[in-house]
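> This is the structure I have questions about; it appears just below.
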């Protein structure tokens, strides 16, 4: 997620805070004022930066911070949860450009993007607070999964499939399982081990480890087959 840039533009409607910003009403076919929406989104970010929770926020407080009237917000969003969803979308960085034709090369780019997002989340109190709020509100988390995480997973699955088609990965393994194996180390270091290092070459190391396999090698460099053990019933 990227942190939304603060825009000082404000709406004059009922709000005493900040310089005025023209609130253009959505007349027939006329677009809503981008400057007003920018001021409202930035106001939510500003409050979240102080550690405020979604439960602690009110439309009245958001309006006061943005320098707009409550009616201005309600014309655009039904409530603060719907507004927060748009804040999430606004803060989310664009996904990296990939070729759409390569397999492992595209996968490497996606893993590196995931690493940099994880670093940003670690160093930003704002992003940490945003993720905490999402986990507390199931609708927000569901929306984030469907609009952000879902498309990213689909893109990675497509890259894994391209790698299979190009002969870079085995074709006799489940594509979703292979995708999870590539994602796993990044997710563990982001969610379960936030103190673990995220070195610049981590994406390359993950790919190399999976391609080379985890089984021990013989003195001749061949992979030694290890039969799985069956635990006694």
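> Evaluate the following for residue 163: is it in contact with a helix residue (DSSP H, G or I) (Cβ under 6 Å, 6 or more places away or on another chain) and not in a helix (DSSP H, G or I)? Spell out how you get there, then give the answer.
Details: in contact with a helix residue (DSSP H, G or I) (Cβ under 6 Å, 6 or more places away or on another chain): yes; not in a helix (DSSP H, G or I): no.
Judged against the criteria, residue 163 is not a match.
> Any chance segment 122-133 includes a residue that's surrounded by 13 or more Cβ atoms within 10 Å (Cβ to Cβ) and not in a helix (DSSP H, G or I)?
yes
> Follow-up. Please find, within segment 81-115, the residue that is surrounded by the most Cβ atoms within 10 Å (Cβ to Cβ) out of those that are within 20 Å of the chain's Cα centre (by Cα) and outside any helix (DSSP H, G or I).
98
> Same structure again: Give me the residue from segment 62-80 that is surrounded by fewer than 15 Cβ atoms within 10 Å (Cβ to Cβ) and in a helix (DSSP H, G or I) and, out of that set, nearest to the chain's Cα centre (by Cα).
Taking the candidates together, the pick is 74.
> Right, here's the next one. Could you check segment 114-142 and list, in sequence order, the residues that are in contact with a helix residue (DSSP H, G or I) (Cβ under 9 Å, 6 or more places away or on another chain) and either farther than 27 Å from residue 201 by Cα or free of Cβ contacts under 8 Å to residues at least 24 places away in the same chain (or both)?
Residues satisfying the conditions are 128, 129, 130, 131, 133, 134, 135, 137, 139, 140, 141.
> OK, next. Filter segment 166-181 down to residues that are in contact (Cβ under 8 Å) with a residue 60 or more places away in the chain and in contact with a helix residue (DSSP H, G or I) (Cβ under 6 Å, 6 or more places away or on another chain) and give me whichever is surrounded by the most Cβ atoms within 10 Å (Cβ to Cβ).
Across segment 166-181, the extreme among qualifying residues is 169.
Every number in this text was worked out from the coordinates using simple rules, so none of it is lab data. In this text, all values refer to a predicted model and were calculated from it rather than measured experimentally. As a convention, Cβ positions derive from the backbone with ideal geometry for all residues, glycine included, and neighbour counts pool all protein chains shown.
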